[in-house]
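Quick notes on the structure that follows.
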Amino acid sequence: MNAQIKKIDTLVRKHLHQSKIVLMIVYGIPEKVLDDDIWTYTWNKYFFFKTKTVFIFKNDRVTDIIIFEYIFRIHFRDSFYNANHTPKYEVVKYY
């Protein structure tokens, strides 16, 4: 398993099927809420690395997780966990 899949796998093991309340206790209020089913959290590291983590809910439970990674504000890589797709883990690199 490469580092990106390990990162998304760790989030899946921690948060898959958790409720919105538990996620809010762990990470706080989300930066963005879209249709009350998609929550976005953003973390900055060393000023030029940025990570956005998106939690997608169905029936108030986490079903899918996406990690967007940016370097110098350029979209660099996406990591997906899709519960209803094969393969469940997918990494898309843009550069």
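The values are calculated or read from the model by the stated rules, or taken from the named source; none is laboratory data. These numbers come from a predicted model, not from an experiment. Cβ placement follows ideal geometry from the backbone for every residue including glycine, while neighbour counts extend to all protein chains displayed. Ligands, DNA and RNA are excluded from the accessible area calculation, which covers all protein heavy atoms including side chains. Shrake-Rupley method; radii C 1.70, N 1.55, O 1.52, S 1.80 Å.
Here is how the numbers come out for the structure above:
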| item | result |
| --- | --- |
| Verdict on Lys93 being at pLDDT 90 or above and either over 19 Å from His17 (Cβ atoms) or of a type in the set (Lys, Arg) (or both) | no |
| Qualifying residues in segment 5-35 (those that are within 17 Å of Glu69 (Cα to Cα) and open to solvent by 30 Å² or more (accessible area, probe 1.4 Å)) - the one modelled with the lowest pLDDT | Ile5 |
| Residue match in segment 40-47 (condition: among the β-branched types (Val, Ile, Thr) and in contact with an Asp or Glu (Cβ under 6 Å, 6 or more places away or on another chain)) | yes |
| Segment 75-89: number of residues that are closer than 19 Å to Lys14 by Cβ and either in a strand (DSSP E or B) or at pLDDT 80 or above (or both) | 5 |
| Boolean, Tyr41 is open to solvent by less than 40 Å² (accessible area, probe 1.4 Å), in contact with a strand residue (DSSP E or B) (Cβ under 7 Å, 6 or more places away or on another chain), part of a strand (DSSP E or B) and among the hydroxyl-bearing types (Ser, Thr, Tyr) | yes |
| Given (1) open to solvent by less than 70 Å² (accessible area, probe 1.4 Å); (2) under 18 Å from Leu16 (Cβ atoms), index of the condition Glu69 fails | (2) |
| Qualifying residue in segment 21-29 (condition: assigned to a strand (DSSP E or B) and hydroxyl-bearing (Ser, Thr, Tyr)) | no |
| Test result for Lys52, free of Cβ contacts under 8 Å to residues at least 40 places away in the same chain and not in a helix (DSSP H, G or I) | yes |
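Table: residues versus (1) surrounded by 14 or more Cβ atoms within 10 Å (Cβ to Cβ); (2) of a type in the set (A, V, I, L, M, F, W, C); (3) under 22 Å from Ala3 (Cα atoms); (4) out of contact with any Lys or Arg (no Cβ under 8 Å at 6 or more places or on another chain).
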{"site": "Asp37", "(1), (2), (3), (4)": "yes, no, no, no"}
{"site": "Tyr46", "(1), (2), (3), (4)": "no, no, yes, yes"}
{"site": "Val54", "(1), (2), (3), (4)": "yes, yes, yes, yes"}
{"site": "Phe57", "(1), (2), (3), (4)": "yes, yes, no, no"}
{"site": "Asn82", "(1), (2), (3), (4)": "yes, no, yes, no"}
{"site": "Val92", "(1), (2), (3), (4)": "no, yes, yes, no"}
